[in-house]
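Below is one structure, written out as structure tokens; comments come after it.
The values are calculated or read from the model by the stated rules, or taken from the named source; none is laboratory data. No experiment lies behind these values; they were computed from the predicted model shown. Note: ideal-geometry Cβ built from the backbone for every residue, glycine included; neighbour counts use all protein chains shown.
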Amino acid sequence: MKENKFLNKKVEASKPGDADKSQEGLDVKIEMATEKDWQEVKDLRLESILGESAQFLAPPPDMLKAELEKRDQEWQSELTPREDMFTVLARIGNEAVGIGRAIKEKDEKDAWRIRWMYVKPKFRNKGIQKKVIDARIKEIKKRGGKKAIAIISNPISIQNAKSSGFKLSILEKIKGKKHGFYRLEKDLTEPEK
Ligand SMILES: CC(C)(COP(=O)(O)OP(=O)(O)OC[C@H]1O[C@@H](n2cnc3c(N)ncnc32)[C@H](O)[C@@H]1OP(=O)(O)O)[C@@H](O)C(=O)NCCC(=O)NCCS
């Protein structure tokens, strides 16, 4: 564990096998984040881009800097209900354990991008990401979205996206990144199998 000045707390390591099996069978609730959840959203997001998961989630340096410097008021206002973006939290009891955001694409009509996929190390491998993906798909459809896009590199996420009906579109190998980034798409006009 390492101290992180942005979170003012220890950042947990995230590696395969970290999942604590004793937590299995816990009741996971997926909910839409609102302004009142801003601190948990901020903590989860910063943990995801500064901790061990940064290899998969950290944005390019200029965007990372902007995100780290974001004021609390901005974290809060991003959660105000709006037509082109929403954030989902997974909770076990009162604890926020996973997060996902969805943002409407600016240059492609009726397409949405799912972003920010993160589950706290202790709660992994219990199907939480899958639930967070599926909840976003449901909400995107409700908002009239016709396509969902994910650009991801973690093999677990790629597998989960595929099992939620995403299909591999193109491989984008980003220079300097350890893992290849894959673009996956899901056609939301097709009936669910
Ligand atoms: C990727 C991540 C979100 C997955 O979250 P999760 O809630 O643990 O995933 P799920 O439990 O929904 O995954 C279920 C599936 O993945 C498999 N899986 C999950 N963790 C695994 C692991 N550590 N090793 C191998 N397989 C794993 C499960 O076996 C299961 O597959 P199955 O349905 O065929 O049995 C989580 O590991 C994470 O936050 N990682 C760091 C951040 C990150 O990489 N985000 C994605 C950016 S591309």
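Structure values in brief
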| item | result |
| --- | --- |
| Set V28, V88: member being within 22 Å of I151 (Cα to Cα), surrounded by 13 or more Cβ atoms within 10 Å (Cβ to Cβ) and either at pLDDT 90 or above or in contact with a Leu (Cβ under 6 Å, 6 or more places away or on another chain) (or both) | V88 |
| Per-region count, the range 111-167, residues of a type in the set (F, W, Y) and near the ligand (Cβ under 10 Å from one of its atoms) | 3 |
| Selection status of E40, under 16 Å from S164 (Cβ atoms), modelled with pLDDT of 95 or more and among the charged types (D, E, K, R) | no |
| Yes/no for T80 being more than 16 Å from the ligand (Cβ to nearest atom) and β-branched (V, I, T) | yes |
| Lone qualifier among S53, S48 - being polar (S, T, N, Q), within 14 Å of the chain's Cα centre (by Cα) and at pLDDT below 95 | S53 |
| Residue match in the range 141-159 (condition: closer than 20 Å to D27 by Cα and in contact with a strand residue (DSSP E or B) (Cβ under 7 Å, 6 or more places away or on another chain)) | no |
| Number of positions in the range 99-138 that are crowded, with 20+ Cβ neighbours inside 10 Å and among the polar types (S, T, N, Q) | 1 |
| Members of the range 139-157 found to be within 17 Å of T189 (Cβ to Cβ) and surrounded by fewer than 17 Cβ atoms within 10 Å (Cβ to Cβ), listed by number | E139, K141, K142, R143, G144, K146 |
